[in-house]
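Trainee: One structure is given below, represented as structure tokens, and several questions about it will come after.
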Amino acid sequence: MKKSQKIALKIDNALMIIVRYSALLVLLICAYIVFDTFHTANNAFVSYDLLKYKPAEDARGTFNGFDKLLLLNKDSVGWLTVYDTNIDYPVLRGRDNFEYANKDIYGDSSLTGAIYLDSEGDFKDFSSIIYGHHMENGAMFGDIDKYVSDDFLAKHHDGFLRTPDGNYRLTIFAAISTDAYEDMIYRYNDSNENRKELAEFIRKHAICTYGDYLDKELSGLNKLVMLSTCESGDTFGRMVLLCDAVPGTGRIEKEEEVPLLTALGHLTESSHWAFLNLICMITIIFLVIDSIRKKVLLTFIIEGVTLLVSFIIFIFTENVTKPVVMYDKFTPLMLLILVAAFVYEVIAIKRADKIKDETSSEDSQNRK
């Protein structure tokens, strides 16, 4: 084979490698965008880690554990649960009503935000408003969408609110559709006259109701807690659940199972997982597939070992239930493993080309 042909062949092989891994990189970036969108929505559900901070009932029937919750975030003012729904979150109170609209309980920026009490409110007041984003997958206050029928409300009207100053059984007695500027809801001041006006307002705007609260003009209401979220397709539309809060205890709740991947990630107390580490592992998978395609046993064995090592490192050091970061302290090690696998791949290709050239040369000589 002429020297020029050899050079052209090597350039062709190099270009094929560049194109192959460039396409892989583009594919991974697209996969990351899709995964990040999914992860953001999925991460809005309460996690096993966060549930560990949920105040628990002690032998005396009272709830404790707010010390831990306050250490996690000093703005914590309670924990809200609506039974048989995904609403089971700590309640925060920010400096204004925008702070926790785009920030989670850990203080990190988040499109899903957190569940938060009106910045001017207090659970000691007669009426309180709790806000949460409307998530289409049912996270945060997305399940409020289910309260569109009397039948559903009749079967799912129980909730519980834990606060450092007292705990309340919640009875959801109405779901209403209104707008973000309605003073009767968002600026309510309690009085006998205002309760009658509120009862009339609820009758006009109710999607569904439960019990005899409206028949009694809300006179039997102990404390009003309102859960507010956006309505789909309406910028200023709001759906609100109105609850009667009475001092008491809640249901006995089952202990949550520990997710496998969370438990593995906890071997390093990981609070995230690194995207570059995943790219390294997937790239090594492609190298292994390439060695299988070329039927080179030794290359397959060596790259298979590097894949196994990278897989073990990723699984036992990363917590995929946590937010994603670009890199972490294990990324240099993962990159080193990838470079080692890639260098061996290049060496194997050169060796294979050399053997091929030698074979071709011998065949040419034999023909002569």
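Laboratory data are not the source of any read-out in this text; all were calculated from the coordinates shown. The structure displayed is predicted, hence computed values, not measured ones. For neighbour counting, all protein chains shown are included, and Cβ atoms are generated from backbone atoms with ideal geometry for every residue, glycine included.
Trainee: Between GLU99 and LEU333, how many nm apart are label points set 7 Å from Cα along the C-beta direction?
Mentor: According to this spin-label approximation, the distance is 3.9 nm.
Trainee: Another question about this same structure. Between ASN167 and residues 5 or more places away or on another chain, which pairs have amide H atoms under 5 Å apart, with H built 1.01 Å from N, and which residues are they?
Mentor: GLY248
Trainee: Determine the alpha carbon to alpha carbon distance for each of LYS54/LYS74; LYS146/LYS216; LYS196/LYS216 and list only those over 18 Å. Intermediate results must be reported in sequence, preceding the final value.
Mentor: On the way: LYS54/LYS74 14 Å; LYS146/LYS216 26 Å; LYS196/LYS216 9 Å.
The pairs that break the limit, which is 18 Å between Cα atoms, are LYS146/LYS216.
Trainee: List residues of region 190-216, by number, whose backbone nitrogen lies under 19 Å from a label position 7 Å along Cα→C-beta of ALA154.
Mentor: So the set is 206-216.
Trainee: Which value in nm describes the separation of the simple spin-label points at ASP165 and LYS204, placed 7 Å from the Cα toward the beta carbon?
Mentor: For ASP165 paired with LYS204, the spin-label model returns 3.3 nm.
Trainee: If you count, for each residue, the other Cβ atoms within 10 Å and average over each peptide, how do 190-197, 306-313, 170-177 line up from highest to lowest?
Mentor: Details: 190-197: 12.9, 306-313: 16.5, 170-177: 22.4.
My ranking of the peptides, most packed first, is 170-177, 306-313, 190-197.
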